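Data first, discussion second: the structure below is written as C-alpha cells.
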Amino acid sequence: TISTLYQIGPITTGAWKSSANISVNNGNCLNFGPTDIDGGTWAWGGQNSDDNWVGRQISIPNISTSGVYTGLFLNKYYCVSSVNFNVTVVKDAGYAKRKLQNVITKAQKINGSSIKGYDELLIVIFEAQTLIQNTNTTYQEYIDQLKKLNSAISKFYNQLILSSQNLTDKIITNKDFKSTSPTGWEGTILSSTGSNTGSFSNKTFDMYQTITNLENGKYLIGCQSFYRPGANDGGNNYSYGIDNTNALLYANENSMNITSLYNISYIGENNLYGYVNDTISANSVFTASSENCANWALADVKDGVLKIGIKKTLNITNDWFCFNNFSLYKIDDGLMGVDDVLIENEKIDGPVFGFDGRYYGTGTPQTLHLKPGLYVTNGRKFNIK
C-alpha cells in the first residue's frame, strides 16, 4: 500500500497531509510525496497528454485540470503498486477576474496610440473592461477573455517586431550578462550571473544603459525577465490572482511591469515546486523560446537619447529578479498614424473609450461632451474634429 501524502504550495517540513481526495486552487502548485520505499522507480500520469512525471516526490505547478492523478511504483522485484489522487481544481471567478484585471492594467500602459494596429488591441482591452464591469461574468468567460487579450498583446508586439528595424547587435552593449558589472551598463551591481543571465536578489536596484545619437522616433525595447515577489511559495499567492510584479522595464519616461515567475512552469533540472529557481534554469526557459518571459516597452526619442533599464524601488524579503537578452527595434515611420476612421456623420451611440484606455461612458458624442480626438465604440473607431 502506498501512502496518499500531498502538500499545496511550498513544501514544508513535517506538513504533509494524507488524503486521496484533494481540493486545490486553480494555478497553485500541488505536490505528491508518498512514503519512501527502498529501491524501485516511480512514474506519474495525469489528465493531459503531457502530464508525465518521474520520481517519488513531484510538483505540478499551475494546476488547472481536475481528475485522477496516478502514481506507479515498480519495486526491485518488478512488481507494480499504484496510488490514485482524486483532485478537484477550484475555478473561482474572483481569481479569474483579478487575473484579467492584472493584464488589463498592464495593457493600458502600452503607449501605442500613434501606431497602426494598436486600435485592434485597444478594442480587445475595451471588451475586457466591459466584461469586468458585468457582475454576472463566469469563470470561463473571464479566462476566455484573458486568453484573447494576451493573444492580442502578443500579436501587436510581434507585428511591430516583424515590421521594424532590429538594432540590437548594432546599438546595445552587452545584451546578455557574464559579469556582475557588465560593460556599458550603469547603476546597481548585479547579485549574481550564470549562463549569461543576470539576477538581483533581495534588494532594490536600477541598472541602465544610455544610448545617444539615435534617430528621433519611436522605439521598441525588449527584455526576457521575470520577478518573484518574496520566497518561492509554489505559486500560492498567484493562484488567488495576486500579481505583485513591481519590477519594471523602462525606456525614457515609459515603463512596463515585469512578468511574474509563476506565469510559466518549469520542471527541468534545478526547478523548485515546478518553477525556475536559478540563473541556469532561467536561461533554459529563455532560450527555449524568445516569447518566454518576454517584456516590452515603447519609447519616444526626441533628442537622440534613449535610456533603457530595469529597476525596482520596493523591496520584498527574499524576492528575486532574473533577466537576459535585451533587444532594440526602430519602428518604421510607415507604422505611425491611425487610419480607417469612421466618417463623421455615422451615428454613434454606445460605450465610448479613448485611445488612452479611458472609459467615457455610454451615449452619443453630444451627450458625453467628447472633445476632439480619436475614440472607439463597439469595436469601431471614430473621430471628433
**Report entry** Solvent-accessible ranking of TYR240, TYR142, TYR78, largest area first, probe 1.4 Å
**Finding:** TYR78, TYR240, TYR142
Query raised in the report: With Cβ to Cβ distances under 15 Å as the rule, what net charge do the other residues near GLY71 carry (K, R +1; D, E -1)?
Result: -1
Report task. Report the net charge of residues surrounding SER239, where surrounding means a beta-carbon distance below 15 angstrom and charges are Lys +1, Arg +1, Asp -1, Glu -1. Result -> +2
Query raised in the report: Going 7 Å from the Cα of GLU120 toward and past its Cβ, which residues in the stretch 145-177 have a backbone nitrogen under 16 Å from where you end up?
Result: 148-164
Query - MRE, 222 nm, helices only [DSSP H, n ≥ 4, -39500 (n - 2.57), over the chain, to nearest 500] - result: -6000 deg cm²/dmol
Query raised in the report: Largest first, what is the accessible-area ranking of VAL305, VAL89 with a 1.4 Å probe?
Result: VAL305, VAL89
Query raised in the report: Taking a 1.4 Å probe, which of TYR77, TYR375, TYR208 shows the most accessible area, and what order do the others take after it?
Result: TYR77, TYR208, TYR375
Query raised in the report: How much length is gained if the chain between VAL305 and ASN52 is pulled fully straight, taking 0.36 nm per residue apart and subtracting their Cα-Cα distance, in nm to one decimal?
Result: 86.0 nm
Query raised in the report: Using Cα pairs under 8 angstrom and six or more residues apart, how large is the relative contact order of the stretch 153-207, in percent?
Result: 25 percent
Query - the stretch 235-282, relative contact order [Cα under 8 Å, separation at least 6], % - result: 22 percent
Query - At most 16 other Cβ within 10 Å, DSSP loop - trypsin sites (Lys or Arg not before Pro), the stretch 118-215 - result: LYS178, LYS203
Requested in this report: Could you tell me the accessible area of ARG380 in Å² (1.4 Å probe, neighbours in place), rounded to the nearest ten?
Outcome: 90 Å²
Query raised in the report: Using a 1.4 angstrom probe and counting only protein chains, how large is the accessible area of SER284 in Å², to 10?
Result: 50 Å²
Report summary line: Most packed first (mean Cβ within 10 Å per residue), the peptides 285-292, 94-101 order as 94-101, 285-292
Report summary line: Hydrodynamic radius by Kirkwood for the chain, inverse mean 1/r across distinct Cα pairs, in Å, is 23.2 Å
Report task. Quick one, could you list the DSSP H helices from the chain stretching 15 Å or more along their long axis (Cα atoms) with average Kyte-Doolittle hydropathy of -1.0 or above? Result -> 93-107, 118-133, 139-163
Requested in this report: For ASP332 and THR88, calculate 0.36 nm times their separation in residues minus their Cα-Cα distance, and state this gained length in nm to one decimal.
Outcome: 82.8 nm
Query raised in the report: LYS148 to ALA20: FRET efficiency via 1/(1 + (r/R0)^6), r the Cβ-Cβ distance, R0 45 Å, to the nearest 0.05?
Result: 0.75
Report summary line: Across 10 Å bins beginning at 0, the whole-percent shares of Cα-Cα pair distances in the stretch 227-385 come to 9, 26, 22, 23, 15, 4, 0
Report summary line: Summing +1 per Lys or Arg and -1 per Asp or Glu among the other residues with Cβ less than 15 Å from GLN209's Cβ gives 0
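The values are calculated or read from the model by the stated rules, or taken from the named source; none is laboratory data. This is a predicted model, so every value here is computed, not measured. For neighbour counting, all protein chains shown are included, and Cβ atoms are generated from backbone atoms with ideal geometry for every residue, glycine included. Each accessible area value is taken on the protein alone, full model and side chains, heavy atoms only, with ligands, DNA and RNA left out. Shrake-Rupley method; radii C 1.70, N 1.55, O 1.52, S 1.80 Å.
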